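Note sheet for the following structure.
No lab work stands behind these numbers, since they all come straight from the coordinates. In this text, all values refer to a predicted model and were calculated from it rather than measured experimentally. Backbone-built Cβ (ideal geometry, glycine too); neighbour counts: all protein chains shown.
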DNA sequence: AAACCGGGGGA
DNA sequence: TCCCCAGGTTT
């Protein structure tokens, strides 16, 4: 057996979790259920949900014939309810196509909804002791650190390398214990921040530990270059100091908020401004950039002072002239509020 | 405020 | 094949 697996198993014998509810009794249905729950939630949270679930639906057949509402009620509080539906659909498929049992065949297992490569491997290893690797978030963290693998684990090239190592390191003996051990290590010692390397059975051979890179690995998700969009914001101000606001649509950013009328360039801005009010002068204010999660918005504010309102605006429910007090009571995007306060 | 997470599904 | 998303928790 390779030294990595041997050290991990020795640690597991002394410190691993051997009393989890899905380990006693250990069957494929219970392992499957626990793995799906653990995809989204930590062990301590999962335990009461798991116990309630198997008390109500102790076997695959019970799950297959249960009301969908019952299944969702048992899942209630865990989030990702789509997975509860996948779970039940998979159980129904097993009743129809696999004699009421989870298949022992990897491809048949991974074909079921909600079961991918890692969950299929976990079920085969934990329930049947077959030698299949797993690669969940814990394992990715342990392997990137131990082997010093750089690059975001979500990138396909990195993930491919990780699967190769996961496979190579998985021993043919005690596969179920090994699988539990590497997940336990990632969950208890090799945690995301401030790992407890002093207690780790793998620290002697760990590249990240040796090179002081535990805080750098696994590599963070690359911050993708976000596109920049340009917009001109029209500040139409009348003699009383009121500013024209426009309510944004339901789609897109700032939906339903009151904001400034916008145009895609200065030319369109002029034309738009004249449709709203009688205009004779404009002043370009300093542009600024507002950062969203998915794009950057470069705003060029254009101030039209001394505007005289067109009468028809009074009838338009998405346009209104507002003084500062009225603006305070409306929902405005933060950068727009800041911009208007600086006038 | 942002990262995280296994699998599904759309680009 | 790549990339984004869900939806609640952790940092």
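Overview of results
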item: Distribution of pairwise C-alpha distances over region A:228-341, 5 Å bins, in %; result: 2, 12, 23, 26, 22, 11, 3, 1
item: Contour excess over end-to-end distance, with Cα ends at residue A:173 and residue A:323 and 0.36 nm allotted per residue; result: 46.4 nm
item: Cut-off 17 Å, label 7 Å out along Cα→Cβ of residue A:69, residues of region A:78-93 by amide N; result: A:85
item: Cβ-derived FRET efficiency at R0 25 Å, residue A:253 paired with residue A:42, nearest 0.05; result: 0.15
item: Kirkwood-based shape ratio for region A:90-143, expressed as Rg/Rh from alpha carbons; result: 1.03
item: Shape box of region A:16-132 [Cα atoms, principal axes, largest first, Å]; result: 37, 32, 22
item: Rounded to 10°, Cα long-axis angle of helix A:28-38 versus longest principal axis of chain A; result: 30
item: Relative contact order for chain A, counting Cα pairs under 8 Å that sit 6 or more residues apart, in percent; result: 14
item: Chain A - Kirkwood radius from inverse mean 1/r over Cα pairs (Å); result: 24.8
item: Extended-chain gain in nm, criterion 0.36 nm per residue less alpha-carbon gap, residue A:95 and residue A:107; result: 2.6 nm
item: Relative contact order [Cα under 8 Å, 6+ residues apart], region A:121-276, whole percent; result: 22
item: Pairwise FRET efficiency - residue A:2 versus residue A:198, Cβ, R0 = 22 Å, nearest 0.05; result: 0.40
